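S.K.: The structure follows.
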Amino acid sequence: MKKYRPYTKSRRHMTTVTFKGKVTATEPHKALTTGGKRGVGRNNAGRITVRHKGGGHKRLFRDVDFTYKKIVPAVVESVEYDPNRSGFIGLLCYKDGERRYALIPKSVTVGATVLSGAEAPVTPGSRMALKDMPVGSFIYNVELKPGNGGKIGRSAGVYIELIARSNGYADLKMPSSEVRKVLDTCWATLGEVSNDEHHLRTIGKAGRSRWLGIRPTVRGTAMNPVDHPHGGGEGRQGRGLRRAKSAWGKPTGKGQKTRSPKKYSNHLIVSRRKVGKRSK
């Protein structure tokens, strides 16, 4: 981590991730980048559906390959920063000459060979089906449906533990402590996502949040009763409710359960995540 001299109040506690010795390229591979406008929390009608999003620095989108359809050995040409995600990405050059971006684990460096398939070695960066991995492995970028591409375990420093296999399913322990079943024909990557210091950074000032596209959040207790269930009262008041609510009256925060009791994947959940102060 990089710390700064406190020549302003916002610099006093500000920290950033040091890219020196980790990121090896400053410019992305042009053929794998596209422009475009971000959604900034709005739907196709232009209405805000997710609050507190908007603005931010202009970004190029990297075409990252989360699928595992190319079963050819590849060499890591460079490790790059991607402004659209917290983990680092690597430019893979396959044996047939094609280049693709992929989310890489923290121990893979430039020049390393990445293999896919049942015959791949059990080393970080190897990609294979869950049925071919040893129990106890740390994995990331896991598919939920075979051939549908990696969907879970993609944030910086994250890993999922393969704890058991039976009856065509693999039991995975998520970073949230939830244990769920996934078909063992789904693919994943061995290792832990790179840039594990990401969660230690301190934003330091409001302007940096705006650069990231995060707009200000107003507390419900600072609003009027017409705008939020926590609003109203003379002077500063408590929320006056036993349970915290969102602006739409739904339970939120403080470890409350918000999962739908009829969610389609409930039968795949072996153990719910732990919530509250003693969750770890």
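S.K.: Looking at (1) within 18 Å of the chain's Cα centre (by Cα); (2) buried (at least 17 other Cβ atoms within 10 Å of the Cβ); (3) not aromatic (Phe, Trp, Tyr), can you tell me which one residue 229 breaks?
M.R.: The single condition residue 229 does not satisfy is (1).
S.K.: Starting from residues that are farther than 30 Å from residue 19 by Cβ and of a type in the set (S, T, N, Q), keep the ones in region 153-173 and report whichever is surrounded by the fewest Cβ atoms within 10 Å (Cβ to Cβ). So that I can check it myself, show each step before the final result.
M.R.: Going through region 153-173, the residues farther than 30 Å from residue 19 by Cβ turn out to be 162-173.
Still in the list and also of a type in the set (S, T, N, Q): 166-167.
Values: 166: 9, 167: 6.
Only one residue fits best here, namely 167.
S.K.: Among residues belonging to region 210-257 that are in a helix (DSSP H, G or I) and at pLDDT 95 or above, point out the one that is farthest from residue 50 (Cα to Cα).
M.R.: If we take residues in region 210-257 being in a helix (DSSP H, G or I) and at pLDDT 95 or above, then 211 is farthest from residue 50 (Cα to Cα).
S.K.: Under 7 Å between Cβ atoms, which residue pairs at least 6 apart in sequence (or on different chains) link something in region 178-198 that is in a loop (DSSP other than H, G, I, E, B) with a partner that is of a type in the set (Ser, Thr, Tyr)?
M.R.: Within 7 Å, the pairs are 178/271; 184/169; 191/107; 191/140; 192/140; 192/159; 195/86.
S.K.: Could you tell me whether any residue of region 9-19 is closer than 26 Å to residue 100 by Cβ, assigned to a strand (DSSP E or B) and among the aromatic types (Phe, Trp, Tyr)?
M.R.: For region 9-19, residues closer than 26 Å to residue 100 by Cβ, assigned to a strand (DSSP E or B) and among the aromatic types (Phe, Trp, Tyr): absent.
S.K.: I'd like the residue in region 26-38 that is in contact (Cβ under 8 Å) with a residue 12 or more places away in the chain and loosely packed, with under 15 Cβ neighbours inside 10 Å and, out of all such residues, is farthest from residue 64 (Cα to Cα).
M.R.: So, considering only residues that are in contact (Cβ under 8 Å) with a residue 12 or more places away in the chain and loosely packed, with under 15 Cβ neighbours inside 10 Å, the one farthest from residue 64 (Cα to Cα) is 36.
S.K.: Give the residues of region 143-172 that are part of a strand (DSSP E or B) and more than 21 Å from residue 125 (Cβ to Cβ), sorted by residue number.
M.R.: 163, 164, 165, 166, 169, 171
S.K.: Taking the conditions exactly as written (loosely packed, with under 15 Cβ neighbours inside 10 Å and within 17 Å of residue 68 (Cβ to Cβ)), does residue 146 satisfy them or not?
M.R.: yes
S.K.: For residues that are in a loop (DSSP other than H, G, I, E, B) and loosely packed, with under 12 Cβ neighbours inside 10 Å, scanning just region 266-280, find the one that is modelled with the lowest pLDDT.
M.R.: Of all residues in region 266-280, those in a loop (DSSP other than H, G, I, E, B) come to 272-280.
Going one step further and asking which of them are loosely packed, with under 12 Cβ neighbours inside 10 Å, we end up with 276-280.
Working: 276: 67, 277: 60, 278: 56, 279: 54, 280: 51.
In this case the residue turns out to be 280.
S.K.: Which residues, taken from region 206-226, are hydrophobic (A, V, I, L, M, F, W, C), surrounded by 15 or more Cβ atoms within 10 Å (Cβ to Cβ) and farther than 27 Å from residue 38 by Cβ? First the steps, then the outcome.
M.R.: Pass one, region 206-226, residues hydrophobic (A, V, I, L, M, F, W, C): 206, 211-212, 214, 218, 222-223, 226.
Of the ones still in play, those that are also surrounded by 15 or more Cβ atoms within 10 Å (Cβ to Cβ) are 214, 223.
Scanning region 206-226 gives a single hit, 223.
S.K.: Mind listing whichever residues of region 93-108 are touching a residue at least 24 places away in the same chain (Cβ under 8 Å) and either over 21 Å from the mean Cα position of the chain (by Cα) or surrounded by 14 or more Cβ atoms within 10 Å (Cβ to Cβ) (or both)?
M.R.: Residues of region 93-108 touching a residue at least 24 places away in the same chain (Cβ under 8 Å): 94, 96, 98-108.
Correct list: 94, 96, 98, 99, 100, 101, 102, 103, 104, 105, 106, 108.
S.K.: Name the single residue, out of those in region 130-157 being β-branched (Val, Ile, Thr) and in contact (Cβ under 8 Å) with a residue 40 or more places away in the chain, that is farthest from residue 201 (Cα to Cα).
M.R.: Restricting to residues being β-branched (Val, Ile, Thr) and in contact (Cβ under 8 Å) with a residue 40 or more places away in the chain, the top hit is 142.
S.K.: Criterion first (loosely packed, with under 11 Cβ neighbours inside 10 Å, more than 30 Å from residue 156 (Cα to Cα) and in contact (Cβ under 8 Å) with a residue 12 or more places away in the chain) does residue 242 satisfy it? It would help to see each step written out before you state the result.
M.R.: On the way: loosely packed, with under 11 Cβ neighbours inside 10 Å: yes; more than 30 Å from residue 156 (Cα to Cα): yes; in contact (Cβ under 8 Å) with a residue 12 or more places away in the chain: no.
No: the conditions fail for residue 242.
S.K.: From the list 55, 117, 153, which residue is farther than 30 Å from residue 247 by Cα and of a type in the set (Gly, Ala, Ser)? So that I can check it myself, show each step before the final result.
M.R.: On the way: 55 fails: farther than 30 Å from residue 247 by Cα; 153 fails: farther than 30 Å from residue 247 by Cα.
Of 55, 117, 153, the one residue that is farther than 30 Å from residue 247 by Cα and of a type in the set (Gly, Ala, Ser) is 117.
The values are calculated or read from the model by the stated rules, or taken from the named source; none is laboratory data. Since we're looking at a predicted model, the values are computed, not measured. Cβ: placed from backbone, ideal geometry, glycine included. Neighbour counts: every protein chain shown.
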